[in-house]
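Peer 1: After the structure tokens below, expect a handful of questions from me.
Here, each number is a calculation from the coordinates, and none is a lab measurement. These numbers were taken from a predicted model, which means no experiment stands behind them. Because the Cβ atoms are built from the backbone with ideal geometry, glycine has one as well, and the counts that use them run over all protein chains shown.
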Amino acid sequence: MAKKNQDVVVSDEANIRKLGQKLVKRHRNLWAYMFFGFLAALINTVAFMILHQWWHSAMVISNTAAFIISNLASFFFNQKAVFTNNVDHDHSEWHKLIVFFTYRIISLIPDTLIMLVGLSWLHLNALLVKIIDQVLVGIFNYLTTRSVFQKQEHTMIERAKMRLQAHKQKADK
């Protein structure tokens, strides 16, 4: 009886391991983006704190400089380490850099507003506000960054239609 229970446990562990491997493989870009996104956010936070707290630069100048520094690092991380499968080879590196920074400039607006409200109006701790800011802006950045480096085969609407058709075909069987 003990042997049978051990076989069940081993089988369950193997299934869990297999499921875990599938999840990691399927969402590899997300996991890699989270790791390298954390590094970019850390670079942003450290640069901001050095400029704002130590050198006493104005908040907007410190935030913008930290933005530029961290996004140059982020572009490199995303291109070389994060989005390595289904890569867009149709566009030049300069094109990708311009599109990347266009999206990121859009994220600089809420980034600066969060910092302004947190520091100037609410008088919160600069490090705390910057961490909250990086989490919120990081979510937006992931969604836009994927479109820069990965080849887009279909629009979101086309993908939704294809999924509905596939679901309907399964239901008809």
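Peer 1: Separation between the residue 68 and residue 16 pseudo-spin-labels, each 7 Å from Cα along Cα→Cβ, expressed in nm?
Peer 2: Placing both labels 7 Å along Cα→Cβ, they lie 5.0 nm apart.
Peer 1: Starting with the highest mean, order 63-69, 125-131, 93-99 by the number of other Cβ atoms within 10 Å, averaged over the residues of each peptide.
Peer 2: In descending order of packing, they fall as 63-69, 125-131, 93-99.
Peer 1: I'd like the Karplus ³J(HN,Hα) series for the stretch 65-76: coefficients 6.51, -1.76, 1.60, θ = phi - 60°, whole numbers in Hz, and an x wherever there's a Gly or Pro.
Peer 2: The phi angles translate into 5, 4, 4, 5, 4, 5, 6, 5, 5, 4, 4, 4 Hz.
Peer 1: Taking the beta-carbon count within 10 Å as an exposure proxy, list 31, 121 from fewest neighbours to most.
Peer 2: Least crowded to most crowded, the residues run 121, 31.
Peer 1: What order do you get for 11, 70 when you list them from fewest to most C-beta neighbours inside 10 Å?
Peer 2: By the 10 Å Cβ count, ascending: 11, 70.
Peer 1: Between residue 171 and residue 113, what is the spin-label point distance in nm, taking each point 7 Å from the Cα along the Cα→C-beta axis?
Peer 2: The two pseudo-label positions are separated by 3.9 nm.
Peer 1: Quick query: amide H of residue 57 versus all other amide H atoms, modeled in the peptide plane; which residues come in under 5 Å with a sequence gap of 5 or more or a different chain?
Peer 2: Correct list: 52.
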